[in-house]
Amino acid sequence: MALPRDVFSSIEYQLLDFGAGRKLERFGPIILDRPAPAAGSDQPARPQLWSEAQARFELRASRGASSARGRWRILKAVPDAWTIGHGPTRVELKLTALGHIGVFPEQAASWDWIGERMGQTAGLRLLNLFAHTGGSTLAAAGAGAAVTHVDSARNIVAWSRRNAELSGLSAAPIRWIVDDALAFVRREIKRGRRYDGVILDPPSYGHGVRGQTWKLESHLKELLSLCRELIEGVPRLALLTCHAPDFDSRRLAESLVTAGLAASRRSVEAGDLWLTTADGRRLVSGTFARIASLHWHS
């Protein structure tokens, strides 16, 4: 199954074209040319548009297994920072050394899903791991949830807090935590803290605050099992998204079931996250698996 909706409004975001391993996107007024392995080897459908890019991210060869770094080639003026919005959520964007700019636009569909589910039951305690710049955190908090937001990068958590201010949620019940996901969850279990649901968007590879190595293949199973220990009673919400080619939606769904976050495979909704061009071509940009049991009572 794939999410049957577009993401941002066309004023805020557009996938203009893709092909030959790259994608051309407009974020507000800024047009960027970035790598996209899922774009395949076919040539772009609208080659005339690519000259409009204001910056192009070019990967550098990497010796290690960490996220590939690269450099931005500035072709036309790009501001140091700018913002776009999706519903009540506003996010600050800027060019980073990893080619990210502060938002994964395909995740806006997940933000909508979170907001709709939270709107049915106020006051849930949610844990958001690998929370990046906070789109899911803000969607949940804006709908009445108390959120614990965890990311291992201090500058990214600061970025998330700026997004909360931009979205009118600076006073929302959000705990901002700079920590390694596995280490934090283990400590929360020892502290006896409990949650109603969990949101995760783990990378394929990364490092924690103290240099801990994260490998999706090696550590996801343990992390999901520990998350289940943190959840009191029946999980009210679990959302797992991923951008690793080896983790398709079926594998994500089975991971939720194995960890006890879902009762059975039939209870899990799973599929692709995608971006769509104006002429209807889809670029698959990740996978998801999720459950929601918001009418459960202890």
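Only the coordinates and a few stated rules stand behind these numbers; no lab work does. Bear in mind the structure is a predicted one, so any value in this text is a computation, not a measurement. All Cβ positions, even for glycine, are placed from backbone atoms using ideal geometry, and neighbour counts span all protein chains on display.
List of remarks:
- Inter-label distance, nm, simple model (7 Å from Cα along the C-beta direction), K94/R282: 3.6
- In degrees, nearest ten, helix 108-118 long axis to first principal axis of the chain (Cα): 20
- Fluctuation leader among S51, S160, S170 - the chain, Gaussian network, Cα springs under 10 angstrom: S51
- Straight-line cross-link partners of K23 among the lysines, defined as a Cα under 29 Å from its Cα and at least 8 positions apart when in the same chain: K76, K94, K215.
- Mean separation of Cα contacts under 8 Å (6+ apart) over length of the stretch 105-292, as relative contact order %: 18
- Pair-distance profile P(r), taking every C-alpha pair of the stretch 155-298, with 5 angstrom steps and integer %: 2, 9, 15, 18, 19, 19, 12, 5, 1, 0, 0
- With the convex hull of the Cα atoms taken as the outline of the stretch 13-86, the averaged projected area works out to 6.0 nm².
- Scaled against 2.2 N^0.38 Å for its residue count N, the alpha carbon radius of gyration of the stretch 91-193 is 1.05.
- Compactness of the chain was expressed as the Cα radius of gyration divided by 2.2 N^0.38 Å, which yields 0.98.
- Net lengthening on full extension, D42/E229 (0.36 nm per residue, minus Cα-Cα): 62.7 nm
- Coupling constants for the stretch 137-147 follow from the phi torsions by the Karplus curve (6.51 cos²θ - 1.76 cosθ + 1.60, θ = phi - 60°), and in residue order they are 4, 6, 4, 6, 5, x, 9, x, 7, 9, 10 Hz; glycine and proline get x.
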